[in-house]
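Contents: one structure, followed by commentary.
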Amino acid sequence: MVRRDAGQSAFAAGPGIHRGCREDGGIVTSAYETADFDAVVVGAGFAGLHLLHSFRERGMTVQGVEAGDGVGGTWYWNRYPGARCDVESVDYSFGFHPDLQQEWSWTERYATGPEIHRYAEFVANRLNLRDLIRFRTRVESAVFNEVSGLWVVGLDDGTEVRARFCVMATGCLSTTNLPDIEGIGDFTGDIYHPGRWPHESPMLQGKRVAVIGTGSSGIQLVPAVAREVAQLYVLQRSPNYVMPAQNGPLHPEQLAEVKRTYPERRRMSRRTRRGFPLPTTVTNQPASSFSAAEQHERLEAAWAHGGAIFTSTFDDITTNPDSNQVAADFIAGKIRGIVKDPAVATKLIPTDHPLGGKRPCVDTGYYEAFNRPNVELVDIRETPVQRITSNAIQVGERLIDVDVIILATGYDAITGTLNAIDIRGRRGVKLRDEWCDGAMAYLGLMAPKFPNLFTITGPGSPSVLCNMFVSIEQHVELVFTLLAELRQRGAEVVEPTQEALESWGERVADIADSTLLVTANSWYLGANVPGKVRQFMPYAGGMASFVDDCEALLSMDFEGFTFGDVASYSEQEAAAR
Ligand code: FAD
Ligand code: NAP
């Protein structure tokens, strides 16, 4: 057991919380517990770093636990060639600490993975957070003891940490989705997933490589890997819409202007749908308010501007099929213009989902890669993969000999990582059971029966549909707003009501249903993982609307939340018996 003195902490569990107890009725309890820390934070990605700093700033004791050997989360794991952010670097960064944003200087409009990883290390060092984290340690369980009111967090080294608050900063895209292809275990070459890329980058020079998957990861990998390898096979099940980053260096004067205006820029970002300032190529008018020539001119300007914000060129691209088609046709025209082989170009044009239905991909040179003599597009929708042998992938009757397979097959997004942990709340209720017919957290952050447990960027929050830094910061602030209220009320525990959760779930579903996003087989819906419940998980109303919703509910005396005492759980249980 990890023990540390909770010291002078404002929330430290006092002697009054030591209670004798037993195990029965599915309630896991243990005798005479005291808290080791006020809070446990699981994950040392950007959300974890922000939380660790925030707990400590408030005089609370906190233990971070991270499965990896370093900070950065996504950017610690994703070391694949070509990895970059798809939100501009100056916005894909923390705004909560004025010094951080003034001291750090991005070098490119869209930073590389290594640069973002260095930024995470800079944050951890600058805020002196490393000592708060146990690295190379995986959280296997988190069980609420309703007698002591503590979360008992079980680690893979067999020890436990007890804390009043447990925050899951485990990431929306941190559990890989690996395809179950017959014979995959027989392959004698190397198999990599971008999200578990070796930190010592593998030598791909001169090799025959297959990439399975053409989402954002595959699309970034392909041009970078194509330059190195002897032969690259791109195995595509569904084509995606890919927009150019139009990346380039950030000039000192641009950076200086951003730094000068950062406070206003951060404030504005929360008032937009996507969590960053909008370029002038975005209009709040529908496509139909422009002539065909004007539409084309606007789309051309948006393409030249670069980035996924292309999908906001007209206000109704993700809600009106006609507008969507206008933008999709424009991209199809671009693909035909770039890719020299018309048959290959046709295969690269999406036909099975609207633009924006799946996360739009941002690239540098993806379509151009198919003009290289060493790159072949293999349509595995038309001719599926049969199996993998010791040295080849069999597609239909064809055996494609390869030395390396890259499974760019995505993630068990949003819920996968949380469900991998045995999380049990009051009366031993398991979070994964609560979510078996569909996952939802109130404001994306809390679930009924799981007091003092927070899920940063959980289901029901804008998370992956926005700039994640803005989503993370807003959620971290929400945690501390709730903790301040808890203290103010002299209460021990906070959780949402079932009624509030259901009404929030309806709101999230209604918003999603008003868009075209629900019509694609995307990971937003869990459609990429066999057997996963089909349910649109993120809040699709945009960041500004989400912030408004949260503020409105909190201003109504914290509508939907209950604040109480741990003693009431024992009384309820006694009454139930
Ligand atoms: P993560 O960075 O995923 O960190 C979670 C951490 O929790 C991980 O380090 C993991 O090891 C740890 N963890 C998980 N489970 C456990 C456990 N049981 N025990 C211990 N530790 C655990 N978003 C954007 O807004 N813009 C972008 O441009 C962008 N680009 C991306 C590119 C890639 C390749 C990927 C995969 C995602 C991208 N994202 C982007 C989303 C990205 O995940 C977020 O921007 C952000 O980095 C998430 O931070 P986080 O701290 O919430 O989670
Ligand atoms: P993804 O978007 O889910 O794409 C996975 C790809 O693998 C899809 O093309 C999918 O095809 C294919 N696939 C999955 N299972 C398969 C199987 N069994 N057989 C054949 N093909 C299969 O995953 P991702 O590319 O890793 O991206 C996930 C998210 O991470 C992104 O949407 C984005 O949010 C983030 N990300 C961002 C960046 C960036 O640009 N900054 C880079 C990487 C990732 P189907 O479409 O047919 O399912």
Relative contact order (%) - the chain, alpha-carbon pairs under 8 angstrom, separation at least six: 18 percent
I need to check one value: relative contact order of the range 345-486, counting alpha carbon pairs closer than 8 Å and at least 6 residues apart, in percent. 10 percent
Shape call, the range 81-144: gyration tensor on alpha carbons, a/c limit 1.5: prolate
I'd like the distance separating the alpha-carbon centroids of the range 414-459 and the range 350-367, in whole Å. 31 Å
Excluding Gly275 itself, calculate the net charge of residues whose Cβ lies under 13 Å from the Cβ of Gly275, where each Lys or Arg counts +1 and each Asp or Glu counts -1. +3
How far is helix 567-576 tilted off the main Cα axis of the chain, in degrees rounded to 10, range 0 to 90? 90 degrees
Once the other residues with Cβ under 12 Å from the Cβ of Val508 are scored (Lys, Arg +1; Asp, Glu -1), what is the net sum? -4
Can you work out the Karplus-derived ³J(HN,Hα) for every residue in the range 179-195? Use 6.51 cos²θ - 1.76 cosθ + 1.60 with θ = phi - 60°, whole Hz, and x for glycine or proline. x, 9, 9, 3, x, 4, x, 7, 5, 9, x, 9, 10, 10, 10, x, x
With +1 on each Lys and Arg Cβ and -1 on each Asp and Glu Cβ, how big is the dipole of the chain about its Cα centre, in debye rounded to the nearest 20? 760 debye
From the convex hull of the Cα coordinates of the chain, what is the mean projected area in square nanometres? 26.6 nm²
List every residue whose amide H lies under 5 Å from the amide H of Arg84, counting only residues 5 or more places away in sequence or on a different chain, with H placed 1.01 Å from N in the peptide plane. Gly113
Per residue accessible area in Å² of the range 115-157, where ligands, DNA and RNA are left out and the probe is 1.4 Å: 37 Å²
The answer for Ser514, listing residues at least 5 apart or on another chain whose modeled amide H is closer than 5 Å to its amide H, is none
Kirkwood Rh, the range 402-485, all Cα pairs: how many Å? 14.3 Å
Loop-only GluC sites (Glu not before Pro) in the range 291-332, please: DSSP not H, G, I, E or B, and at most 11 other Cβ atoms within 10 Å. none
Among Asn247, Val222, Pro263, flag the residue with its Cα farthest along the positive direction of the charge dipole of the range 210-266, charges on Cβ as +1 for Lys/Arg and -1 for Asp/Glu. Pro263
Treating only Lys and Arg (+1) and Asp and Glu (-1) as charged, each at its beta carbon, one finds that the range 300-356 has a dipole about its Cα centre, in Debye to the nearest 20, of 340 debye
Once amide H atoms are placed 1.01 Å from N in the peptide plane, what residues at a sequence separation of 5 or more from Met446, or on another chain, have their amide H within under 5 Å of its amide H? Thr455
For the range 142-289, just say rounded, prolate or oblate: build the C-alpha gyration tensor, square-root its eigenvalues into a ≥ b ≥ c, call rounded for a/c under 1.5, and beyond that prolate if a/b exceeds b/c, oblate if not. oblate
Hand me the tally of lysine pairs in the chain: alpha carbons under 24 angstrom apart, and the pair either on different chains or 8 or more positions apart. 7
On the protein heavy atoms, probe 1.4 angstrom, tell me the percent of accessible surface of the range 165-275 carried by carbon and sulfur. 50 percent
I'd like the Karplus ³J(HN,Hα) series for the range 69-75: coefficients 6.51, -1.76, 1.60, θ = phi - 60°, whole numbers in Hz, and an x wherever there's a Gly or Pro. 9, x, 8, x, x, 2, 8
State to the nearest 20 debye the size of the charge dipole of the range 285-332 about its Cα centre, where the only charges are +1 on K and R beta carbons and -1 on D and E beta carbons. 100 debye
Among Ala392, Phe370, Leu355, whose Cα sits farthest toward the positive end of the charge dipole of the range 330-422 (+1 at Cβ of Lys/Arg, -1 at Cβ of Asp/Glu, about the Cα centre)? Leu355
Considering only the other residues whose Cβ falls under 14 Å of the Cβ of Leu483, what net charge follows from Lys and Arg at +1 and Asp and Glu at -1? -1
Let me have the relative contact order for the range 188-338, percent, based on Cα pairs under 8 Å that are six or more residues apart. 17 percent
Among Phe454, Ala575, Asn125, pick out the residue whose Cα is farthest towards the positive end of the charge dipole of the chain, where Lys and Arg carry +1 and Asp and Glu carry -1 on C-beta, about the Cα centre. Asn125
For the range 434-535, the percent of accessible surface on carbon and sulfur atoms (probe 1.4 angstrom, ligands and nucleic acids excluded) is 48 percent
Value at 222 nm in deg cm²/dmol, rounded to 500, when DSSP H runs of n ≥ 4 in the chain each add -39,500 (n - 2.57): -9000 deg cm²/dmol
What whole-number distance in Å separates the alpha-carbon centres of the range 216-247 and the range 286-348? 20 Å
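The values are calculated or read from the model by the stated rules, or taken from the named source; none is laboratory data. Since the structure is predicted, the reported quantities are computational estimates derived from the model, not experimental observations. As a convention, Cβ positions derive from the backbone with ideal geometry for all residues, glycine included, and neighbour counts pool all protein chains shown. When the accessible area is computed, the model is the full protein with side chains, heavy atoms only, and any ligands, DNA or RNA have been set aside. Shrake-Rupley method; radii C 1.70, N 1.55, O 1.52, S 1.80 Å.
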